[in-house]
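This report concerns only the one structure given below.
The values are calculated or read from the model by the stated rules, or taken from the named source; none is laboratory data. Computed from a predicted model, the values in this text were never measured in an experiment. Note: ideal-geometry Cβ built from the backbone for every residue, glycine included; neighbour counts use all protein chains shown.
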Amino acid sequence: MSPSIQPIRGMNDVLPAEIGAWQHLDHVVRGLLAVYGYDEVRVPIVEHTELYRRGIGEFTDIVEKEMYTFTDSGGDSLTLRPEATAGVVRAVISNGLLRGARLKLWTQGPMFRHERPQKGRYRQFHQYSVEAVGFPGPDVDIELIALSARLWRALGIGRVRLEINSLGTTEARARYREVLVGYLQAHEAVLDADSRRRLGGNPLRVLDSKNPAMQALIAGAPVLTEHLDAESATHFAQVRAGLDALGIGYTVNPRLVRGLDYYSRTVFEWVTDALGSQDAVCSGGRYDGLVPQLGGEPTPAVGFALGVERVVALLAQGAAVPAAPAPAVYLIAAGEAAQRAAPRMAEALRDALPGRGVIQNLGGGNIGTQFRRADRSGALFAVVLGEAELERGVAAVKPLRSEGGQSECPLEELPARVAAFVQES
């Protein structure tokens, strides 16, 4: 026997016992996005590597260390998408949707980053990405945060809190960058190796360091919100006022900078203390400069990404996940003639019970074995076709989850009769 092939480290199977929470999350998210007027788009999993170099930033950890990049047979450098925003913006531009655009879009699916796998951080992970393109004011920032707050309520998740910040315009951030670099260079002896590397390319990411030895230095660093341009400061004040008016609690975290270069002005994260070190479950912000970076006309935009695996982990800690409805019928067939008749009867029952499970016994088995399978299936009723019943033109119907004896029904009336039984149960 050949050795079994294991999954790639950090890329996980989702098994039937786990899929219910994923489906529940998908149902809630889809419904909520429809209520807010967001339309689904689907973008490729593979894009030209240049899209992420130009969009995310050359000196980000994602581009420098984490992307799955390869050269195809035509010599093109391609990358498995590490996030979805750049792909959605590329789709808007390349499909001619940008001119005068006021677009509210969302997408979902797997993303890929070559990270060190740990709980809540995987090499293949799944996200919902929600994007609003063409809206310049703080009202859309407020709406997106309100949407995400409503999502937690709809899911019954309570252990999350909101952190917000403003990164200002590109120009304001460049001025702050000079101040921050001067401060960090004055304390270069304290910087760890990763922070020294970031100092030359993306010094704001030094503020993201989780190294305990760096925290005192970071706490003393200049604060970005004290270097905002006037327009960004006004925008941020209006966002805070809007959240206050909606009763959405938040903390202003001046060290929240996000790990992608395309962010500007409002940034936010929903974080939790329930998942260990991987505390961010929903992250986003404004990216007004990304569209022109990718070849489009200057266009304001804002969005967020929701981490599916992390939200599912929160659901597992006590939020109510509706159980899948039990199958309505398990069809038992005893004898060769009954087994030949069973597929046609199963299809007739499915026609009469749209959306409800009708399970046909497969693989034979004596009547006792089939009844045990029926019981394990969770079905409400067993329908029994036997040789004697077929000769008389009837089938037996037996309740499996309630009191009541077995009854017989003419075959031509069976689908309607069983549908009535199921509706009454």
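Just checking, does segment 197-213 include any residue being hydroxyl-bearing (Ser, Thr, Tyr), assigned by TED's automatic domain parsing to the domain that holds ASP61 and crowded, with 18+ Cβ neighbours inside 10 Å? Full working, then the answer.
Our first condition is that a residue be hydroxyl-bearing (Ser, Thr, Tyr); within segment 197-213, this holds for 209.
Next cut, assigned by TED's automatic domain parsing to the domain that holds ASP61 only: none.
No, that holds for no residue.
Residue-wise test of (1) within 30 Å of GLU163 (Cα to Cα); (2) under 17 Å from the mean Cα position of the chain (by Cα); (3) assigned to a helix (DSSP H, G or I).
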position	(1), (2), (3)
ALA305	yes, yes, no
ARG310	yes, yes, yes
LEU314	yes, yes, yes
ALA320	yes, no, no
PRO325	no, no, no
ALA333	no, no, no
ARG340	no, no, yes
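For residues that are β-branched (Val, Ile, Thr) and without any contact (Cβ under 8 Å) to a residue 40 or more places away in the chain, scanning just segment 182-239, find the one that is nearest to GLY168 (Cα to Cα).
Our first condition is that a residue be β-branched (Val, Ile, Thr); within segment 182-239, this holds for 190, 206, 218, 223, 225, 234, 239.
Going one step further and asking which of them are without any contact (Cβ under 8 Å) to a residue 40 or more places away in the chain, we end up with 190, 206, 218, 223, 234.
Numbers: VAL190: 28, VAL206: 18, ILE218: 20, VAL223: 12, THR234: 10 Å.
For segment 182-239, the residue satisfying everything is THR234.
Of GLU163, GLU171, which residue is over 30 Å from ALA34 (Cβ atoms) and outside any loop (DSSP other than H, G, I, E, B)? Lay out the reasoning, then the answer.
Values: GLU163 fails: over 30 Å from ALA34 (Cβ atoms).
Answer to the check: GLU171.
With respect to VAL223, is the statement that it is of a type in the set (A, V, I, L, M, F, W, C) and surrounded by 18 or more Cβ atoms within 10 Å (Cβ to Cβ) true?
Taking the combined requirement at face value, the residue does not satisfy it.
Pick out, from segment 357-425, the strands (runs of 3 or more DSSP E) lying fully within it that include 3 or more residues that are in the same structural domain as ALA342 (by TED's automatic domain parsing) and of a type outside the set (A, V, I, L, M, F, W, C). Walk me through it before giving the result.
Numbers: elements: 358-360, 381-386, 394-399, 407-410.
Correct list: 407-410.
Working only within segment 126-139, note down all residues that are closer than 15 Å to ASP39 by Cβ and out of contact with any Pro (no Cβ under 7 Å at 6 or more places or on another chain). Working first, answer last.
Step one: filter segment 126-139 for residues closer than 15 Å to ASP39 by Cβ, giving 128-135.
Correct list: TYR128, SER129, VAL130, GLU131, ALA132, VAL133.
Tally up the residues in segment 146-160 that are touching a strand residue (DSSP E or B) at 6+ places or on another chain (Cβ under 9 Å) and under 12 Å from TYR36 (Cα atoms), please.
Let us first name the residues in segment 146-160 that are touching a strand residue (DSSP E or B) at 6+ places or on another chain (Cβ under 9 Å), namely 147-149, 151-152, 157, 160.
Applying the additional criterion that residues be under 12 Å from TYR36 (Cα atoms) yields 147-148, 151.
Summing the residues that are touching a strand residue (DSSP E or B) at 6+ places or on another chain (Cβ under 9 Å) and under 12 Å from TYR36 (Cα atoms) in segment 146-160 gives 3.
Within the set of pairs 6 or more residues apart or between chains, which connect a residue that is outside the structural domain of ILE157 (by TED's automatic domain parsing) inside segment 266-284 to a residue that is modelled with pLDDT of 85 or more with Cβ atoms less than 6 Å apart?
none
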